[in-house]
2 protein chains.
Amino acid sequence: MTDTLGFDIPAHVGMPESQIQTPCLVLDLDALERNIQRMGEFASSHGVKHRAHAKMHKSVDVARLQERLGGISGLCCQKVSEAEVFVNAGFRDILISNQIRDPVKIDRLARLATTGARIIVCVDDVLNIEELNLAASAIDVQIEVLVEIDCGAGRCGTRSPGDALAIAKATISASHLKFTGIQAYNGSAQHIVSYREREAAFQHLIERVNEVLDCLSSHQIACELVTGAGTGSYSFEASSDVFNELQCGSYAFMDADYGRIEDAEANRCDETEWEHALFVVASVMSQHDQLAVLDAGLKSMTLESGLPEVSGAQDCRVLKCNDEHSMIEDPQSVLRMNDRVRLIPGHCDPTCNLHDWYVCVRNGVVEALWPVSARGRSL
Amino acid sequence: MTDTLGFDIPAHVGMPESQIQTPCLVLDLDALERNIQRMGEFASSHGVKHRAHAKMHKSVDVARLQERLGGISGLCCQKVSEAEVFVNAGFRDILISNQIRDPVKIDRLARLATTGARIIVCVDDVLNIEELNLAASAIDVQIEVLVEIDCGAGRCGTRSPGDALAIAKATISASHLKFTGIQAYNGSAQHIVSYREREAAFQHLIERVNEVLDCLSSHQIACELVTGAGTGSYSFEASSDVFNELQCGSYAFMDADYGRIEDAEANRCDETEWEHALFVVASVMSQHDQLAVLDAGLKSMTLESGLPEVSGAQDCRVLKCNDEHSMIEDPQSVLRMNDRVRLIPGHCDPTCNLHDWYVCVRNGVVEALWPVSARGRSL
């Protein structure tokens, strides 16, 4: 099947899920809408804004749903070329939660602001301030700057309050930049399974943020935004009295990895019970005894966070994935040739980035086909 | 940068490699051409054909180079939608080295033959023969059939000579099918590091093939093709006196995983010294002490075969990859901000499938930009 532009598409609107062409991504619209609404309510009830992270879904349609049902304050993107897709689609408040150092990319970043969109970028090196200001002043636009602080990830980010202060001061002195606040995010710590250990990691993070806030404040520098947080940690940041903006992404779709992290045993929050809304749907294409071979492999889902889980098929589990196949143990032989099987991918972000389409399903029927608008946009 | 169709492109022809936009795939054209030529010479000197596997590169341009310099006899594809790309580009001898069971895909498969292309498909279930014949006869084309035998992978393939015979007989009886021979491939065994253990796995495979050949021959059924083999095993099949066609893919680009497998200690063959021709090129975007952060992560290379290796930068090694970042230990601080770093991906096939372009470089300068023509074609 191809659409009017000749793209290879996995389904048509109105088709039952049992007939869609596989492998493909399926979004359960009811679950997706509930997740988005729930995060909107959580943020609102905690008095913080939610700037949804678009690097997860890379979809203009999902972002619009997050605006309509989730009351998001804007979007995060991770790359300039990704942000271009969302700015071109009309989004007007974008944070690039990353450093931009290449001169060509800095120029592209500045040009995003010519649309009238608010463009915010992260900086962890004072030398970057002059580079950004040069590009912004050349075309007379303003770029907003967050100082990114390292708060345990050991990746990007300033290593001391003094370094953060130097960046803030340089930003304030720059003609075409605005100092907007602090970016503090620890991606790896989102995935710590134990609630107590995760809490400790985020306690450390909040202490680092407070040190920088104290240092800035002692120099009369205020932060409009203190922003960060992901699906594994947002409740810590939201109740910290320090953060005023969350940046969750995976909550909307969920994945097997986030499904394994634990909530507080004694304090289980309903709002953390995110539903699996994203599936890689595959078909049975070969069977031998209690083994079923599916037509989806490493080109349809990534494995760095473990094997996918089988959804709904009794006692079935994934044994192995090869490039284009997955092997399923099916002890009760419940699967039949050409059955469609919903797999919960280990890690949603890079899995979505493999596909061109989301097949959106409600009550077993395809309701819409959404492009993965920024797929492959990694520059 | 965008091309005339508005696609986000990582480079222009004539640009030095130090300026290309990252992350992107780079092909070292000299190394690629030598690999392709070397495999052509190997096949020819061993009296076997080489049907290159296009699932690895998914590129019409690379396939044309394999025709021009490597004397390939045709192409393998793994999916119908992938084969459509190569048939539409003019390739006329395609083996789908996989089972096709969905009725929509079987119809698409049959339609490929209306172009006049020779279309061969693998079958491991006698019920599939009627499905294929129905589709082929409906539009009066011929599909050729290989019986796929399981030879140790425990994935697809018949489990006994009797099952293979039944498929061959049913094919011969079918009005619009032709029985062409045997597909025997063990993907996982390609990657066994020890030469002796790998040799044993392929000895087992060749015995399984011989059993089926004997069984078919005792029923006066001849095999035009006995085909299989990959970059980890081709020398076993080529010298088996049983296989008459190889299906190598990775040899053209190579990856870190295949770089680790061992040749015969006492019998090192020059022809197995494949060069790394594929790189993921990334840029330094943040630095702290002896840590450099690169702008390429899980959306630019897959990790199921391990971390990428750093090419050419002294003592540097990859510590970790996140979604959009890689962390590099740089003990001698040789890397500078915005330096381009060549990474050798762990596993070439799924890594290529993440990208839209190959940036083709010779002597440090971009010579061509080739689309990853069948990227994402997984149906």
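The values are calculated or read from the model by the stated rules, or taken from the named source; none is laboratory data. None of the values given here were measured: they were computed from a predicted structure. For neighbour counting, all protein chains shown are included, and Cβ atoms are generated from backbone atoms with ideal geometry for every residue, glycine included. For accessibility, only protein heavy atoms count, side chains too; no ligands or nucleic acids. Shrake-Rupley method; radii C 1.70, N 1.55, O 1.52, S 1.80 Å.
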**Q.** Positive minus negative residues near residue A:28 (Lys, Arg vs Asp, Glu; Cβ under 12 Å)
**A.** -2
Q. Which residue is it, in chain A, that holds its beta carbon closest to the axis of the A-onto-B rotation, and how many whole angstrom away?
A. A:302, 3
Q: Between the chain alone and the structure with every protein chain in place, find the residues of the stretch B:332-363 that drop at least 10 Å² of accessible area; heavy atoms, 1.4 Å probe.
A: B:337, B:338, B:340, B:347, B:349, B:350, B:353, B:354, B:356
**Q.** Positive-pole candidate from A:193, B:94, A:226, dipole of the protein assembly as shown, charges at beta carbon
**A.** B:94
(Q) With a 1.4 Å probe, what is the total accessible area buried between chains B and A, in Å² rounded to the nearest 100? (A) 5100
Q. In chain B, carbon and sulfur make up what percent of the accessible area (probe 1.4 Å)?
A. 47
Q | Most positive-pole-ward Cα, B:307, B:337, B:279, against dipole of the stretch B:226-349 from beta carbon charges | A | B:337
Q) Expressed as a whole number of Å, what is the distance separating the alpha-carbon centroids of the stretch A:55-89 and the stretch A:130-198? A) 20
Q. Restricting the count to DSSP beta bridges whose residues both fall in chain A, what percent are antiparallel, rounded to a multiple of 5?
A. 50
Q) Copy-to-copy spacing for residue A:200, label 7 Å out on the Cα-to-C-beta vector, in nm, shortest first? A) 4.5
Q) List for the stretch A:302-318: residues with 10 Å² or greater reduction in accessible area, all protein chains versus chain alone, probe 1.4 Å? A) A:302, A:303, A:304
(Q) Under a Cβ-only charge scheme (Lys and Arg +1, Asp and Glu -1), can you give me the dipole magnitude of the stretch B:29-255 about the Cα centre, in debye to the nearest 20? (A) 420
**Q.** Nearest-0.05 FRET efficiency for residue A:222 and residue B:93, computed from C-beta distance (R0 41 Å)
**A.** 0.05
Q) Using r as the Cβ-Cβ distance of residue A:362 and residue A:239, and R0 as 41 Å, what FRET efficiency do you calculate, to the nearest 0.05? A) 0.75
Q. Quick one: helix A:60-70 against the long Cα principal axis of chain A, what's the angle to the nearest 10°, folded into 0 to 90?
A. 80
Q. With each pseudo-label sitting 7 Å past Cα toward Cβ, what's the residue A:68-residue A:107 distance in nm, one decimal?
A. 3.9
Q) Amide H to amide H under 5 Å from residue B:158: which residues, 5+ apart in sequence or cross-chain, H placed 1.01 Å off N in plane? A) B:148, B:149, B:150
Q | 10 Å binning of all Cα-Cα separations within the protein assembly as shown, expressed as whole percents from 0 upward | A | 3, 14, 24, 25, 18, 11, 5, 1, 0, 0
Q: Find which of B:1, B:15, B:351 sits farthest along the positive direction of the dipole of chain B, computed with +1 on the beta-carbon of Lys and Arg, -1 on that of Asp and Glu, about the Cα centre.
A: B:1
(Q) Counting only other chains, and only Cβ atoms inside 10 Å, what mean value do you get across the residues of B:9-21? (A) 1
(Q) Show me the trypsin sites (Lys or Arg not before Pro) within the stretch A:182-269 that DSSP assigns to loop and that have at most 12 other Cβ atoms within 10 Å of their Cβ. (A) A:268
Q | For residue A:159, label point 7 Å along C-beta direction: distances to other copies, nm | A | 5.9
Q. What is the dipole size for the protein assembly as shown, taken about its Cα centre, with +1 at each Lys and Arg Cβ and -1 at each Asp and Glu Cβ, in debye to the nearest 20?
A. 1300
Q) Where the only charges are on Cβ atoms (+1 Lys, Arg; -1 Asp, Glu), what is the dipole of the stretch B:218-319 about its Cα centre, to the nearest 20 debye? A) 380
**Q.** For A:283-295, mean number of other protein chain Cβ atoms within 10 Å
**A.** 5
**Q.** Label-reachable residues, the stretch A:228-250, where backbone N falls under 18 Å from a point 7 Å from residue A:193's Cα toward its Cβ
**A.** A:232-233
Q.
Regarding the stretch A:29-254, what's the average projected area of the Cα-atom convex hull, expressed in nm²?
A. 11.4
(Q) Can you compute the FRET efficiency between residue A:262 and residue A:311 using 1/(1 + (r/R0)^6), with r the Cβ-Cβ distance and R0 = 22 Å? Round to the nearest 0.05. (A) 0.60
(Q) I'd like to compare A:347-354, B:164-171: which one has the highest average count of other Cβ atoms within 10 Å, and what's the full order after that? (A) A:347-354, B:164-171
Q: Report, to the nearest 10°, how far helix B:161-173 tilts away from the longest principal axis of the Cα atoms in chain B, using its own Cα long axis and a range of 0 to 90°.
A: 70
Q: Would you mind working out the accessible area per residue for the stretch A:29-254, using a 1.4 Å probe, and quoting it in Å²?
A: 33
Q.
Springs between alpha-carbon pairs under 10 angstrom, Gaussian network model over chain A: which of A:249, A:346, A:14 fluctuates most?
A. A:14
Q. Residue A:174: net charge of surrounding residues, Cβ under 12 Å, Lys/Arg +1, Asp/Glu -1, itself excluded?
A. -1
Q.
Taking the Kirkwood radius as the inverse of the mean 1/r across Cα pairs, report the Rg/Rh of chain B.
A. 1.00
**Q.** GNM result for chain A, Cα springs below 10 Å: residue of A:193, A:293, A:104 fluctuating most strongly
**A.** A:104
